[in-house]
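These notes are about the structure you will find just below.
The values are calculated or read from the model by the stated rules, or taken from the named source; none is laboratory data. All values reported here derive from a predicted model rather than from experimental measurement. Methodologically, a virtual Cβ is constructed for each residue, glycine included, from the backbone with ideal geometry; neighbour enumeration extends over all protein chains shown. The area values use the complete protein model at the heavy-atom level, side chains included, leaving out ligands, DNA and RNA. Shrake-Rupley method; radii C 1.70, N 1.55, O 1.52, S 1.80 Å.
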Amino acid sequence: MKKKSISARPPSPPTPEFPARGQCRVIIERITPSLPDAGALLKRIIGEKVTVKAHVFGDGHDTVLALLQHRKQGENEWNESPLRALGNDEWEGEFVVDAEGFHEFTVSGWTDAFQSWLRGFRKKIEGGQDLSVELLIGAGLIEGAANRARGRDRKTLSTWANLLRDGNVPAQERVDLARMPALEEMARKYPDRTHESTFAPAIGVLVERERAACSAWYEFFPRSWGSSPGAHGTFAECEFLLPHIAAMGFNIVYLPPIHPLGMAFRKGKNNSLTPEPGDVGSPWAIGSALGGHKAVHPELGTLRDFKNFVKSATTHGLEVALDIAFQCSPDHPYVKEHPQWFNWRPDGTVQYAENPPKKYQDVLPFNFETDDWQALWLELKSVITFWVAQGVKIFRVDNPHTKTLPFWKWCIAEVKRDHPETLFLAEAFTRPKVKYWLAKHGFTWGYTYFTWRNSKQELTDYVTELTRSECAEYFRPNFWPNTPDILHETLQHGGRAAFISRLVLAATLSSNYGIYGPAYELCIGQAVKPGSEEYLDSEKYEIKRWDWNAPGNLKPLIARLNLARRENPALQRTGNITFVPTDNPALIAYLKTTRDQSNVILVAVNLDPHHSQSGWLNLLITQMGLQPFQSYTMRDLLTGMEYRWYGDRNFIKLDPENPVHVFRLVR
């Protein structure tokens, strides 16, 4: 006997997944400015305008309304303003960022029943259709607006709704009431946003003070300014430098690490592994029995001496920037107190820093993968807040790309929450994506590849990338022609002319720049060996004795250049640049203008430090606010000489003695 087969029970249909708010009919996309990366921040300066554009549309033919919403992060209420319809479902609006810190904005939109009804109502009037039902529909929509209104508006709208319903009022009078501009204006104030769509997540904006937009940095080693040859300088002895640095037009004084230095594996002169008695070591080998990152090297003075130095700098219009180098000498107290924060090798020694073939035996990196990472993060943040409490608001961060990247996002946000005026420079000579990530997540400025961009094409391409691509929204380039670590071959072999041209390029291509002095203004260009970018007898490993007023120094030129930056708003921003065609590849020229063209700067540089170069500039007359075939005067801000030019094509010649022009258009 055959068994009766039993068919399998059919599976239950899957439970459908619905969107959270399926009644919202408006789509919002293509918001600009914005960044595709989660948590990335746009950059703005306090007082600047943020112009926002978006595609906002819905199904069918109903009227769509759109709003721009913005607020400081942490606030409960949004500031709102209507977006303007540009046509083709594109909308635009703007807001001004009026406080330092983290802000956010978004766009919302909805189909507006009243506006849709009013548009159709007007068409039906033109078509001669019966309007009795339409008036009742309108009355209901106006009553809804009345329920959302407050004060007198509530009573006024309710009265309007009753009049549209009232059959005792003549039909034509009710029609005229329904299309009165005053009714439309009042109803717009109280829209039905029940089914509003809002773009999420909101777009973050980091707003910083004006110094972030325009800065001129001067780096020097305090220990080289002792009162007698070979003596270790102190903060008190360095105070005499401050008025001279201010006179050159700098506004930031940057000091390498000022902490106690370790003795273990101390480096000798020229990075020697065998130091001699009296060798002072590298300031980046931080920490000894005398203290760590929150202590001052006793040969520099006391913490009180440092605070006096900061106060003195302030009186001269200077801010002090400190180097934050999160690494330790083997003698650092952290090594004994928190051994879990470091990598220990099988032979019981601590792993020192390496960048093969380079070795840094005097420096131990932190292990950011430690199980005790939260305590490590808190301690490192406390280093920054300690120096903020001493009056420091600007930090140059040493090699942030060699520490775990999420730490910086967290740390900078934590510091800026309580101290939004604090600014950070990332010394990240690394891959572009890493460099840009740091910028998108809190760093105010970043070092750049400017040092290695020397030809006309290299400079043009690189600056175009920085000012015309997406990175212009978040990356503020800080151009340095030299650092204690980097002496490019252009400066090694180009002589004084190269120092002048690179200085002017750095200070005018970017509104943020710096030099390591006095090596720069004295045109020191001797490398430790051919093919190296290390200085011979580098100040990183020894006390130097500088003759700051040596013949041929660039101090007067630097002062005139920084004065030009200070007096000309066009040089106080980076993105307002347009390259000017020249017929000579050894000549580079570019315009920098304010939005209203009231300040127009033209820079021309001879990129050949050994020979005179000449050529024709094809000027963009309309961008200068001039008419074709108009004559005008160009004043060189570095020499004071004036030139009468005509039209859009003019000739220049630059020699190694005077390899640059920084012109201002004289109105």
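Rounded to a whole number of µm²/s, how large is the Stokes-Einstein D of the range 83-193 at 20 °C and 1.002 mPa s, given Rh as the Kirkwood radius over C-alpha pairs?
On the way: Rh = 16.0 Å.
Here the translational diffusion coefficient equals 134 µm²/s.
Between residue 182 and residue 350, the simple spin-label model (points 7 angstrom out along Cα→Cβ) gives 8.0 nm.
If you roll a 1.4 Å probe over the heavy atoms of the protein chains, what accessible area per residue do you get for the chain, in Å²? Provide the component values of the computation, followed by the final result.
Values: 31140 Å² over 667 residues.
About 47 Å² of surface per residue is accessible.
Each residue, residue 529 and residue 269, gets one label point 7 Å from its Cα in the Cβ direction; the gap between the two is 1.7 nm.
When the label point is put 7 Å from the Cα of residue 653 along its Cα-to-beta-carbon vector, which residues of the range 594-613 have a backbone N closer than 16 Å? It comes to 606, 611-613, nothing else. Accessible-area rank, largest first, for 435, 53: 53, 435, with all protein chains present and a 1.4 angstrom probe. Computed in the context of the full set of protein chains, the accessible area of the chain at 1.4 Å probe radius has 52% of its extent on carbon or sulfur. Estimated at the nearest 10 Å², the accessible area of residue 258 is 0 Å² with a 1.4 Å probe.
Remark on the range 447-573: ratio of C-alpha radius of gyration to 2.2 N^0.38 Å is 1.09. Treating r as the C-beta distance of residue 244 and residue 566 and R0 as 25 Å, the FRET efficiency rounds to 0.90. Computed about the Cα centre, the dipole magnitude for the chain is approximately 1100 debye when only Lys and Arg (+1) and Asp and Glu (-1) carry charge, each at its Cβ. A straight Cα-to-Cα reach below 17 Å connects residue 416 with the lysines 43, 72, 381, 393, 440, residues fewer than 8 places away in its own chain not being considered.
Packing, as the average of other Cβ atoms within 10 Å across residues, places the peptides 444-456, 267-279, 610-622 in the order 444-456, 610-622, 267-279, highest first. Relative contact order for the range 28-80: what percent, with Cα pairs under 8 Å and sequence separation of 6 or more? Relative contact order for the range 28-80 comes out at 30 percent.
So what's the convex hull volume per residue for the Cα atoms of the range 1-111, in Å³?
Working: hull volume 22.6 nm³, N = 111.
Residue-normalised Cα hull volume stands at 204 Å³.
With 0.36 nm allotted per residue and the present C-alpha distance subtracted, the residue 578-residue 385 stretch has 65.4 nm of extension available.
Percent of Cα pairs in the range 209-300 per distance bin of 5 Å, from zero to the largest separation: 3, 12, 18, 20, 18, 13, 8, 5, 1, 0.
Once the piece of chain linking residue 123 and residue 76 is laid out straight, how much longer is it, given 0.36 nm per residue of separation minus the C-alpha distance between them? Please list the in-between numbers first.
Working: separation 47, 0.36 × 47 = 16.92 nm, distance 4.15 nm.
My answer for the length gained is 12.8 nm.
When the Kirkwood radius is taken over all Cα pairs of the chain, what Stokes-Einstein diffusion coefficient follows at 25 °C and 0.890 mPa s, in µm²/s?
84 µm²/s
Sequence gap at least 6, Cα distance under 8 Å: using those rules, report the relative contact order of the chain to the nearest whole percent. Walk me through the numbers on the way to the answer.
On the way: 1290 pairs, mean separation 67.2, N = 667.
Value for the chain: 10 percent.
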